[in-house]
1. Looking at the stretch 152-171 only, could you name the residues that are surrounded by 10 or more Cβ atoms within 10 Å (Cβ to Cβ) and outside any strand (DSSP E or B)?
2. Do we find that Asp103 is more than 15 Å from the chain's Cα centre (by Cα), in contact (Cβ under 8 Å) with a residue 40 or more places away in the chain and more than 13 Å from Arg77 (Cβ to Cβ) in this structure?
3. Would you confirm, using the coordinates I've provided, whether Leu145 is outside the structural domain of Arg43 (by TED's automatic domain parsing), crowded, with 18+ Cβ neighbours inside 10 Å and touching a Pro at 6+ places or on another chain (Cβ under 8 Å)?
4. Could you look through the stretch 172-195, keep only residues that are part of a helix (DSSP H, G or I) and out of contact with any helix residue (DSSP H, G or I) (no Cβ under 6 Å at 6 or more places or on another chain), and pick out the one that is surrounded by the most Cβ atoms within 10 Å (Cβ to Cβ)?
5. Considering the stretch 39-53 alone, what residues qualify as being surrounded by fewer than 17 Cβ atoms within 10 Å (Cβ to Cβ), touching a residue at least 40 places away in the same chain (Cβ under 8 Å) and not in a strand (DSSP E or B)?
6. When you go through Tyr115, Tyr47, Tyr94, Tyr79 one by one, which is the residue that is at pLDDT 95 or above, more than 26 Å from Val198 (Cα to Cα) and hydroxyl-bearing (Ser, Thr, Tyr)?
7. Testing Tyr195 on (1) within 17 Å of Glu57 (Cβ to Cβ); (2) of a type in the set (Phe, Trp, Tyr); (3) in contact with a Cys (Cβ under 8 Å, 6 or more places away or on another chain), one condition comes back false. Which one is that?
8. Got at least one residue in the stretch 4-25 being within 27 Å of Ser124 (Cα to Cα), of a type in the set (A, V, I, L, M, F, W, C) and either at pLDDT 95 or above or in contact with a Cys (Cβ under 8 Å, 6 or more places away or on another chain) (or both)?
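The values are calculated or read from the model by the stated rules, or taken from the named source; none is laboratory data. All figures in this text were calculated on a predicted structure; none of them were measured in a lab. Positions of Cβ are generated from backbone atoms using ideal geometry, with glycine treated the same way; all protein chains shown enter the neighbour counts.
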Amino acid sequence: MSYNYLKFNPILIMIINPSDQRISHEDYLEGEKVSPIRHEYIRGEVYAMVGGSDAHETIAGNLFALIKNLVRGSSCRAYMNNMKVRIETADVYYYPDVMVTCDSRDRNNGYFKQYPSLIIEVLSPSTEAFNRGDKFADYRQIETLQEYVLVSQNKINIECFRRNSDGRWELFTYAPQETLQLESINFSCSVSEIYEDVLELN
């Protein structure tokens, strides 16, 4: 199937050509290089990503700025919004809100990363269930991932899922007036810094 953005919405694909719904990895990656909008790839189907709210973008930007400042000059790299993560075992490509990789193998590809240690998603009403459920299930298949962080944009609440030495995921929550700790990159900051210009702390 040729890569055609008029047919790139999976619903339209099923209507236009129900016998050929899957898109190859190659077509997806080449299409994303020229597409005016981003799409996530989930087991042969592609989904257009909607724009984020002011709160969503501000929170993600605050986190990226803080983390970027920390990893500057190190072997780690921080990315925001426009860099894909590929999970080969799950057959998906996602665009995390913020991602950090410290693995030298990720220097070999300029369009996606495969070995992140930290992924952060800012929750939106339309994506919260997916971020907590199926997407987290896919992210857990990344062997190098140490922490997965969910940040609410409607209230002061941060959840950090951290992989322990036994490979199990433990939940750590952070409320107003507390300090966020990210062990994967030896990072800490006040919750107030993350919500700067968005919500007032209670």
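1. Gln153, Asn154, Lys155, Ile156, Asn157
2. Numbers: more than 15 Å from the chain's Cα centre (by Cα): yes; in contact (Cβ under 8 Å) with a residue 40 or more places away in the chain: yes; more than 13 Å from Arg77 (Cβ to Cβ): no.
For Asp103, the condition - more than 15 Å from the chain's Cα centre (by Cα), in contact (Cβ under 8 Å) with a residue 40 or more places away in the chain and more than 13 Å from Arg77 (Cβ to Cβ) - is not met.
3. Criteria met by Leu145.
4. If we filter the stretch 172-195 for residues that are part of a helix (DSSP H, G or I), which is where we start, we get 183-185, 191-194.
Add one more test, that the residue is out of contact with any helix residue (DSSP H, G or I) (no Cβ under 6 Å at 6 or more places or on another chain), and what stays is 183-185, 191-193.
Numbers: Glu183: 15, Ser184: 21, Ile185: 18, Val191: 18, Ser192: 15, Glu193: 13.
Taking the candidates together, the pick is Ser184.
5. Of everything in the stretch 39-53, those that are surrounded by fewer than 17 Cβ atoms within 10 Å (Cβ to Cβ), touching a residue at least 40 places away in the same chain (Cβ under 8 Å) and not in a strand (DSSP E or B) turn out to be Arg43, Gly44, Met49, Val50, Ser53.
6. Details: Tyr47 fails: at pLDDT 95 or above; Tyr94 fails: more than 26 Å from Val198 (Cα to Cα); Tyr79 fails: more than 26 Å from Val198 (Cα to Cα).
Every option except Tyr115 fails the conditions.
7. (3) is the only condition that Tyr195 fails.
8. no
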